There are 2 protein chains.
Amino acid sequence: MPDNLAVPAEQIREMGRAALDLVAKYYETLGGRPVLQPTTSDALRAVIDEPAPAGPTPFPELLGTLRDVVDRYSRHNAHPRFFGYVSSPGNPVNTVGSMIAAALNINVTCWRSGPAAAEIELLTIRWFKELLGFPESAAGLLVSGGSMANFAGLAAARSAKFPNVVREGLRGATPRLYTSSEGHFSIRKAAAMLGIGTENVRTVRVDDNLRMDVADLARLVAEDRAAGHLPFCVVASAGTAGTGAIDPIGPIADFARSHDLWFHIDGAYGGIAAIAPSAREPFARLGEADSLSLDPHKWLYLPVGCGCILYRDPATARAAFSENADYTRVVGLENDEAFAFWDYGPELSRPFRALDLWLLLKSVGVTAISEAIEENIACARYLSDLVNASDDFEMLAPVDLSIFCFRYKNFDGDLNAFNERLMFTLQQSGSSYLSNTTVAGKFALRGCVLNYRTTRKDMERLLDDLRSVAALLR
Amino acid sequence: MPDNLAVPAEQIREMGRAALDLVAKYYETLGGRPVLQPTTSDALRAVIDEPAPAGPTPFPELLGTLRDVVDRYSRHNAHPRFFGYVSSPGNPVNTVGSMIAAALNINVTCWRSGPAAAEIELLTIRWFKELLGFPESAAGLLVSGGSMANFAGLAAARSAKFPNVVREGLRGATPRLYTSSEGHFSIRKAAAMLGIGTENVRTVRVDDNLRMDVADLARLVAEDRAAGHLPFCVVASAGTAGTGAIDPIGPIADFARSHDLWFHIDGAYGGIAAIAPSAREPFARLGEADSLSLDPHKWLYLPVGCGCILYRDPATARAAFSENADYTRVVGLENDEAFAFWDYGPELSRPFRALDLWLLLKSVGVTAISEAIEENIACARYLSDLVNASDDFEMLAPVDLSIFCFRYKNFDGDLNAFNERLMFTLQQSGSSYLSNTTVAGKFALRGCVLNYRTTRKDMERLLDDLRSVAALLR
C-alpha cells in the first residue's frame, strides 16, 4: 500500500497491473452495458462525500471506488450507440500511452522544456498542415479543446485587425464579427472573453440546408460599415455542432479576402473529415483560412483534452499572445531551440497532448482513420435512409457529415414535447443515447456518429429503441 | 500489432504490460540519470520527421521511439535535482490512474456528461475551500493551468466591475488593474486577452523583500482615480514565480475591500503551501480573496494539466462565462444535476482532471502532502544556510517559500555574465538544473524545490556541481 509519494517500482508495477486489468475489462464489457446508469447527485454524494482525507487509503480500495462508482455512473462515450453531442470514444492505444505521458510529465511550454515533446508537437502540426492544405509557412499548436482553439483564432484576428489591442485594450472601436445562426456558442463566448462583446457578433442567416447565406453576410457587413462599425472577421463552420451543416467555405473565403476580413473556420467537429472521401470536396478550400480550429479529441478519436489551432501567418499569433518575462528568457539557445509555444496560444504550462496524436496516427495510420470517418458518415446516411423509408420518423435536416437530425412523427399532439420526452426516456433506458437541437423551431432528436465501433446495425437498433420507448410513452 | 482502432482486449493487456514496464523502469532509473541530455532540433527531426503516416506501425516499434527518443531527450522534471521554473515531478499513482482516465474518457462539461466525474471534481473543490479557508458558498473548477486560472479570475473581476462587458464589450472605459513588478506575466497576458490592454496593468513597487508595497498600490490607485481611469482589481502573488515572495495578503485584502477593488490572488505556485506549517501564517487570510488561482500540477505534485480557480461568489463567475446554446440545453434535469462547468470557466470540453487530484489526495492523504511541502521549504532554507555559510556564493533574495535565488561571487569581472554562463553550463552538465531570474538588476541563479524526492543531500550536491562548473569556467 503506498503511504508515501515516491512509490517503489515494485508497487508501481502492482498498481499498474490492477489498473490495466480494470481498463481491459472496461473495453471487453463496453458494448454490452448501458450507455448510462441513471443516478442522482445525492446518491453519488452519499458514497463519495467526505472532508479532505488526512491519511492514506490503500490503492485497491481506491480502485474499487473507481470501478463501482466512477466507471458505473459515467456516461460511456465509447459505447457504440452513444450518439450524443460531438464526443469521441477515445482509443486503447492512447489509454496505454497516457500512462507514459503522465510518468514523463513533460511540460511543453517551449522547446527547451521538453525537446522531444516539442518536436513531436511541431511534427503533428506539420501533419495537419499537409493533410488539410495549409501552407508550410503556417503555424499552430495544441490547446485543450475547440472552445480554446476558437478563442485563440479570434484573438489572432483581433490583433491582426486592431494592432494596438494587446497594449491599449479595446477602446472606442466596435469590432464586428460574423457567424451563422448555427455557429457554435464558443464563438460568442470568445467574443465576450476578448472584450468584443456578444452583441458585436452578428448572426448571419442560413439557407434551407442550414448553411451560411453569403448574401446575408454581405448585407450585414455593408450595413455595419455604413453605421461606422468595424467588421473584422467572419467565422465559417466546417460542420456545425447542431446539424453538421458545412458553410460554403470557398465563397466565404472569397468574400473575406475581398472585404479585408479575417477568415476563421471552426472545424472543431468536422475539419478532420477533410481526409475522408465524402468530405473532400466541401473542404477543398479549408487551407485558405487565416485560422482553423480542429478537435483531434473529436473526429480523430483522441481522448478529451486535445484541440488544435492553425494560423496561416505565424506573426499574427505572436502579435496576439507573445509576452515576455525574465525568468522564462531563453539563455544560450537560438533559433529552433528558442521556440516557445506560449507565444502562440493562451497557456504557459501545457501537457504533452501531441503524444496521443502522434501515437494514434503512427499506430493505425491516416488511411485507417480516413476509412473510419467515412464509415461514420455512411452510418449517418444509412440512418437517414432508414428514416426516410419509415412511416413513423422524419428527417429535419440534411446529413452533410455524420450528424443526423430527425423526429418521431406518429403522435397526435405536441410533437416537440413528445420528442423531448422520447429523448429523455431513451437516455435513461441505457440502450442508445441521443441529444437534441432545434431545427426551424422543431425539437429535433440529434445524433452524431463519431465512433469507429458504431455499425449500421447500431443505427437500426437506435430506431428500434426509439420505437420501444415511443410505444411506452404514447 | 494493432492495425485497427478497436484493439482487442488481449492486445490492450499486452501493450499495457509493455508500457508499464517502460514506466516502472523510468522511475527506477530516474535518480541516476542526467536531468537533461543535450540535443538539437535538427538532431531530433532527423530521427522523427516524416510525412503523415498512411499505414500502421507496430506498437513495440512505437514504444522503442518513446524510450529511445522521447524519454531520452526530455528534461526530467521528476529528477531530484531538477530545480528549474516551478515544476511538479508528477507521481506514480497518477501515472497509473491516467490510464483509467483515458479509457473512461469522460468529458466533464457538466454533471449530465459524467455524473461521477462531476461529483468528484465538485468534491475536490470543496476540499480546497476547506483547506484554504474559503466559504462553503464559494465555487470553483479545474482548468488547464495557472495562466488559465488567472485569466478566469480576471474575467470574473472584469464582469463584476463592468456588468455589461460580456454583452457590449469594453467600450470607452480604461479599467485598471494592479500587480507588483514581481507579478506573473500571465496577469499581463490575461489583461491583453480580455481586451483590457497591458498598459492598463499598473506595476506596483516591491519592498526590499520583493513583496508588494501597499503604500505604492494606494498611490497608484489614487493617481488613476484622479485621472479618470477605473481601478477595478488588485492581484497579489501568494508566492511570486521569480523569488517566491509572498505579498502581504491581509493588508492588500483590507485595501481592496475599502477601495471597492476585486481581490485576486495568484497562488499558482504557492497557494497550496497554506497546508504546510511554515506557510500557514502568511497565508492565513487567503480565504478573503474574491478569486484565487491554484496549480495542483505544481505544489500538489500532480502531472501537468491541472490548474484551479476558486470564486468567492459563484454569481460573478457565471456573469463572466455563462452562455447558452440550444443543443446543450439540459432537458429533464434540475438543480444539482443541471450543473454545467462551462458556466464557470472558458472551456466547454474538459478532461477528467479531478481524477488525479482525488486519487493522489486519497492515496497519500493531506498530512503526507503537507509534510512533503514542509520538507521542500526546509530544503530551500538549508540551501540558503549553506550559501550564507560559504565564501563563494551569496543569496540575492529571502527564501519565503521553496524558491532560492543566489549567485556565485568568486569571480573578478562581470558577475551577471559569469553566472549566466554558469547556469547554462550546469544545465548542459545534467547533474543539477537551475533556471534564472533578475533580482535588483543582478542575474540570479534561481531554483525551486517542488519535489518530494529532493533531500538536503541534493542541495549540497547542487552547490558542489556549481563549484565544479565554476572551476572549469574560471
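The values are calculated or read from the model by the stated rules, or taken from the named source; none is laboratory data. This is a predicted model, so every value here is computed, not measured. Virtual Cβ from ideal backbone geometry, glycine too; neighbours counted across all protein chains shown.
Annotation note: Cβ proximity below 7 Å between a residue of the range B:396-414 that is outside any loop (DSSP other than H, G, I, E, B) and a residue that is surrounded by fewer than 17 Cβ atoms within 10 Å (Cβ to Cβ) (sequence gap 6+ or interchain) occurs for B:Phe406/B:Glu394; B:Arg407/B:Glu394; B:Arg407/B:Lys442; B:Tyr408/B:Asp392. Among what's in the range B:225-256 and is of a type in the set (D, E, K, R) and surrounded by fewer than 19 Cβ atoms within 10 Å (Cβ to Cβ), pick the residue that is farthest from B:Ile272 (Cα to Cα). Per the criteria, the residue is B:Arg225. On inspection, B:Ala440 qualifies as surrounded by fewer than 24 Cβ atoms within 10 Å (Cβ to Cβ), modelled with pLDDT under 95 and over 30 Å from B:Leu142 (Cα atoms).
Every residue in the range B:332-369 that is within 19 Å of A:Gly145 (Cα to Cα), part of a helix (DSSP H, G or I) and under 20 Å from the mean Cα position of the chain (by Cα), please. B:Ala354, B:Leu355, listed by residue number.
Remark: pairs (first residue in the range B:93-118, under 20 Å from B:Leu302 (Cα atoms); second residue part of a helix (DSSP H, G or I) and aromatic (Phe, Trp, Tyr); Cβ separation under 8 Å; 6+ apart in sequence or on different chains) = B:Val93/A:Phe59; B:Ala103/A:Tyr26; B:Ala103/A:Tyr27; B:Leu104/A:Tyr26; B:Val108/B:Phe341; B:Ala118/B:Trp111; B:Ala118/B:Phe341.
Just checking, how many residues over the range B:131-176 are within 22 Å of B:Ile275 (Cα to Cα), within 7 Å of another protein chain (Cβ to nearest Cβ), in contact with an Asp or Glu (Cβ under 7 Å, 6 or more places away or on another chain) and part of a helix (DSSP H, G or I)? Number satisfying all stated conditions: 1.
Scanning for something of a type in the set (Val, Ile, Thr), out of contact with any Ser or Thr (no Cβ under 8 Å at 6 or more places or on another chain) and either more than 12 Å from B:Gly242 (Cα to Cα) or more than 14 Å from every other protein chain (Cβ to nearest Cβ) (or both), does the range B:388-410 turn up at least one residue? No, the range B:388-410 has no match at all. Taken over the range A:221-250, residues that are aliphatic (A, V, I, L, M) and closer than 30 Å to A:Arg446 by Cα amount to 8. Mind checking whether some residue in the range B:256-273 is more than 14 Å from chain A (Cβ to nearest Cβ) and charged (D, E, K, R)? The answer is yes; a qualifying residue exists.
In the range A:298-307, the qualifying residues are those that are within 8 Å of another protein chain (Cβ to nearest Cβ) and under 11 Å from B:Ala102 (Cβ atoms), and the one that is surrounded by the most Cβ atoms within 10 Å (Cβ to Cβ) is A:Pro303. Check the range A:257-264 and report whether any residue there is part of a helix (DSSP H, G or I) and over 18 Å from B:Ser349 (Cβ atoms). Scanning the range A:257-264 turns up at least one residue that is part of a helix (DSSP H, G or I) and over 18 Å from B:Ser349 (Cβ atoms). Here A:Tyr73 fulfils each of the conditions (1) buried (at least 17 other Cβ atoms within 10 Å of the Cβ); (2) over 26 Å from A:Ser147 (Cβ atoms) apart from (2). Looking only at the range B:334-366, which residues are closer than 28 Å to B:Val96 by Cα and of a type in the set (Asp, Glu)? Once the filter is applied, which keeps residues that are closer than 28 Å to B:Val96 by Cα and of a type in the set (Asp, Glu), the range B:334-366 yields B:Glu347, B:Asp356. For beta carbons closer than 6 Å, sequence separation of 6+ or different chains, a first residue in the range B:227-240 that is part of a strand (DSSP E or B) and a second that is of a type in the set (Asp, Glu), the qualifying pairs are B:Pro231/B:Asp224; B:Val235/B:Asp266; B:Ala236/B:Asp247; B:Ser237/B:Asp247; B:Ser237/B:Asp266. Name the residue that is surrounded by the fewest Cβ atoms within 10 Å (Cβ to Cβ), counting only residues in the range A:194-213 that are in a loop (DSSP other than H, G, I, E, B) and either of a type in the set (D, E, K, R) or in contact with a Pro (Cβ under 8 Å, 6 or more places away or on another chain) (or both). Applying the filter and picking the extreme gives A:Asp208. Number of residues in the range A:16-39 that are surrounded by 16 or more Cβ atoms within 10 Å (Cβ to Cβ) and facing another protein chain (nearest Cβ under 7 Å): the value is 9.
Out of curiosity, is B:Ser384 surrounded by 23 or more Cβ atoms within 10 Å (Cβ to Cβ) and either more than 20 Å from the chain's Cα centre (by Cα) or not aliphatic (A, V, I, L, M) (or both)? When the stated conditions are applied, B:Ser384 does not pass them. If you check A:Ser402 against the conditions, is it buried (at least 24 other Cβ atoms within 10 Å of the Cβ), among the small types (Gly, Ala, Ser) and under 19 Å from the mean Cα position of the chain (by Cα)? Yes: the conditions hold for A:Ser402.
The single condition from (1) surrounded by fewer than 18 Cβ atoms within 10 Å (Cβ to Cβ); (2) under 17 Å from A:Pro34 (Cα atoms) that A:Gly413 fails is (2). Restricting attention to the range B:80-130, the residues that are more than 7 Å from chain A (Cβ to nearest Cβ) and touching a Gly at 6+ places or on another chain (Cβ under 7 Å) add up to 5. On the given criteria, is B:Ala215 among the hydrophobic types (A, V, I, L, M, F, W, C) and within 30 Å of A:Ala102 (Cα to Cα)? Judged against the criteria, B:Ala215 is not a match. Taking each residue of the range A:431-458 that is within 14 Å of A:Val35 (Cα to Cα) and looking for partners that are hydroxyl-bearing (Ser, Thr, Tyr) with beta-carbon atoms closer than 6 Å, six or more apart or interchain, yields A:Ser435/A:Tyr85.
A single member of A:Tyr433, A:Tyr452 is more than 9 Å from chain B (Cβ to nearest Cβ) and either surrounded by 18 or more Cβ atoms within 10 Å (Cβ to Cβ) or of a type in the set (Val, Ile, Thr) (or both), and it is A:Tyr433.
The listed residues are A:Thr425, A:Thr367, and the only one of them that is among the hydroxyl-bearing types (Ser, Thr, Tyr), within 11 Å of chain B (Cβ to nearest Cβ) and within 21 Å of A:Leu36 (Cα to Cα) turns out to be A:Thr425. Of all residues assigned to the range B:370-385, none qualifies as being more than 11 Å from chain A (Cβ to nearest Cβ), at pLDDT 95 or above, closer than 27 Å to B:Pro89 by Cβ and not in a helix (DSSP H, G or I). Looking across the range B:266-287 at every residue that is charged (D, E, K, R) and touching a Gly at 6+ places or on another chain (Cβ under 8 Å), the one that is surrounded by the most Cβ atoms within 10 Å (Cβ to Cβ) is identified as B:Asp266. Scanning the range A:177-193 for residues that are modelled with pLDDT of 95 or more, away from every other protein chain (no Cβ under 13 Å) and surrounded by fewer than 18 Cβ atoms within 10 Å (Cβ to Cβ) turns up nothing. Remark: A:Thr240 matches the filter, which requires a residue to be facing another protein chain (nearest Cβ under 10 Å) and closer than 22 Å to A:Gly287 by Cβ. Within this structure, A:Leu104 passes the test of being within 20 Å of B:Lys25 (Cβ to Cβ), modelled with pLDDT of 95 or more and over 24 Å from the mean Cα position of the chain (by Cα). Inspect the range B:360-378 for any residue being farther than 30 Å from B:Leu300 by Cα and surrounded by fewer than 17 Cβ atoms within 10 Å (Cβ to Cβ) and give the result as yes or no. No, because not a single residue in the range B:360-378 is farther than 30 Å from B:Leu300 by Cα and surrounded by fewer than 17 Cβ atoms within 10 Å (Cβ to Cβ).
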